[in-house]
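Visitor: Mind having a look at this structure? Questions to follow.
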Amino acid sequence: MSLWSLDFLLDANLTELQFLQVRKNAFSVIREPVMKSLPAIAYLDMQGNGFTCDCDNAWFIRWVTDNNQTQVSGAYNFECNYPPNLKGKKLLDIDVHSCTVDLGFVCYISTMCAVIMTIAVTFTHHFLQWHLVYAYYLLLVFLYNKKHRDDRAYQYDAFISYNANDERWVLGELLPKLEDEQGWRLCLHHRDFQPGEETYPEYPLHLY
């Protein structure tokens, strides 16, 4: 009868066991708790077993390679039985460096990224919502103008109509924002038309 696992050793209280021979069985993965339950083991014979050659046996491979207390008989002849593409390969030739993953660090990075993303989205929604809306409509205007404007040269981008109550805001805030920062050319009645000139018929000639 073949053994499919060595987990029964966990509850056997074999802390003084020094010699263990389990040849030609059906277990393929040796778990860390099993070997740690045998602190006095000095000789281990597992020849004739087919091992799983993936990260499930990463700890066992390192233990066999680095352990100075236990002689593992024929370890360099242990063969892979799984996965199929590695069948017949030597267990100790398997590179297990990629199996070392610091789960704590991965969780920390993932959590930090999630927190930063949440803060960024909240900040953007709360403080920059109208800026984004403004930028969106500017983009629509730009795309519309690019698609529909013809090759005629226009002197102004827009005509600003306002009353005397809004003059301070127009001159102090609107003009610097659109002309200085955005590069628009605005037409203001008091600034851009000559006295006595018939202005209203002229608007379509200067604007688009």
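The values are calculated or read from the model by the stated rules, or taken from the named source; none is laboratory data. What you are looking at is a predicted structure, and each value in this text was computed from that prediction instead of being measured. So basically every Cβ, Gly included, is an ideal-geometry build from the backbone, and we count neighbours across all protein chains shown.
Visitor: Evaluate the range 187-194: report whether one residue or more is modelled with pLDDT of 80 or more and in a helix (DSSP H, G or I).
Guide: Taking every residue of the range 187-194 in turn, none turns out to be modelled with pLDDT of 80 or more and in a helix (DSSP H, G or I).
Visitor: Scan the range 7-27 residue by residue and report those that are assigned to a loop (DSSP other than H, G, I, E, B), over 15 Å from P39 (Cα atoms) and among the hydrophobic types (A, V, I, L, M, F, W, C). Steps first, answer last, please.
Guide: To start, the set of residues in the range 7-27 that are assigned to a loop (DSSP other than H, G, I, E, B) comprises 12-18, 22-27.
Still in the running and over 15 Å from P39 (Cα atoms): 22-27.
Within the range 7-27, V22, A26, F27 qualify.
Visitor: Looking at the range 103-119, can you tell me whether even one residue there is exposed (fewer than 10 other Cβ atoms within 10 Å of the Cβ), touching a residue at least 24 places away in the same chain (Cβ under 8 Å) and farther than 30 Å from K177 by Cβ? First the steps, then the outcome.
Guide: First, the residues of the range 103-119 that are exposed (fewer than 10 other Cβ atoms within 10 Å of the Cβ): 103-105.
Of the ones still in play, those that are also touching a residue at least 24 places away in the same chain (Cβ under 8 Å) are none.
No; the residues of the range 103-119 include none that is exposed (fewer than 10 other Cβ atoms within 10 Å of the Cβ), touching a residue at least 24 places away in the same chain (Cβ under 8 Å) and farther than 30 Å from K177 by Cβ.
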